[in-house]
1. Grab the Cα-Cα distance for A:Lys38 and A:Asp23, subtract it from 0.36 nm times how many residues apart they are, and report the gain in nm with one decimal.
2. Do the sum for chain A: with -39,500 (n - 2.57) for every DSSP H run of n ≥ 4, divided by all residues, what is the mean residue ellipticity at 222 nm, to the nearest 500 deg cm²/dmol?
3. Starting with the fewest neighbours, write out A:His30, B:His74, B:His116 ranked by other beta-carbon atoms found within 10 Å of each beta-carbon.
4. Going 7 Å from the Cα of B:Thr49 in the Cα-to-Cβ direction, what parts of the range B:123-142 have a backbone nitrogen less than 12 Å from that spot?
5. Inside 10 Å of the C-beta atoms of B:133-146, what's the mean count of C-beta atoms belonging to other chains?
6. Assigning unit charges at the beta carbon (Lys, Arg +1; Asp, Glu -1) and nothing else, what dipole magnitude in debye, to the nearest 20, does chain A show about its Cα centre?
7. Can you give the local net charge around B:Ser45? Use residues other than it whose beta-carbon is closer than 15 angstrom to its beta-carbon, Lys and Arg +1, Asp and Glu -1.
8. Please rank A:Val48, B:Val19, B:Val159, fewest neighbouring Cβ atoms within 10 Å first, as an exposure proxy.
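We did not get these values from a lab; they are worked out from the coordinates using the rules stated. Please read all numbers here as calculations on a predicted model, not as lab measurements. Because the Cβ atoms are built from the backbone with ideal geometry, glycine has one as well, and the counts that use them run over all protein chains shown.
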Amino acid sequence: MTDIAKAIKSINKLAEFSVNADDINQITWHNGTTPISKQDILDMLPQVELDMALESLRTKRNALLTETDYLALSDNTMTEEVKTYRQKLRDITEGLTTLAKVKKVKLPTKP
Amino acid sequence: MALTYLKSRGLASGVGGKVLQVVSTTKTDSFNSSSTSLVDITGLSVSITPSSASNKILVFGSIASNTVNGAIIHFQLVRGSTEIAKGTNAYTYVGTIGTYMEGASANYNIANNSFHFYDSPSSTSSTTYKIQTKNNTGGTTYINNRGTNDSSFISTITVVEIAG
């Protein structure tokens, strides 16, 4: 669990802090960093969770694209099924504006 | 070459090399810090009271960590408030051990940082050993996780009192 650290960095990229057990009540601010209110951190968490989910999805998508990269070499003619599959992968994050939408995503089946 | 084995159970109390006591702490939850100066890793400390000032303390540590691309994590072993087990050159990056993360893999790797150090505290008072950390870039150091909410590991510190 790292959401609080990421939320703080999203609010203030230069913030120096420690957070134990990912507990909002166990944050220590270091080296003159102005404390960020608990509410501001909590307000940022949904965006952080969405960003993390999208990052995870992109990682999976990129791995699947890599699996079929060899089919995109210039000396090979891709089938329409493969072209469609790869395009679906590239478009997979389009319109994903909420965590719920990200969680509903189903990766396309490799032809 | 002949090897000699010494079995401590056959030794009388106080004989050099005998293991007298072992104390260990395991941290199982996360600790994330972006401090550029050394800070305690909460819950990663251990206290021991040597039975003689001539006894030695063997300290073992293992820390699971990750950080952001291009950052160095420093780990520093501290006895009480004194930094021990550190490099002597006056360079930028000095500590007990360090880990550097680079490239895309920095987002996913877990570095397992281990050390041991043979200490002479010269004390019979309760002595606390702890591990501190800092990140040279101000990027986040992730302890016991890899910066994503899919990982949970452990870190440990163990001290062994050995008859001097």
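1. Difference between extended and current length: 4.3 nm.
2. Values: 4 runs with 56 residues, N = 111.
About -16500 deg cm²/dmol.
3. Working: A:His30 18, B:His74 21, B:His116 13.
Ranking A:His30, B:His74, B:His116 by Cβ neighbours within 10 Å, fewest first, gives B:His116, A:His30, B:His74.
4. The answer is B:124-127, whose backbone nitrogens lie closer than 12 Å to the label point.
5. That average works out to 3.
6. Around 320 debye, computed over chain A.
7. Net charge around B:Ser45: -1.
8. B:Val19, A:Val48, B:Val159
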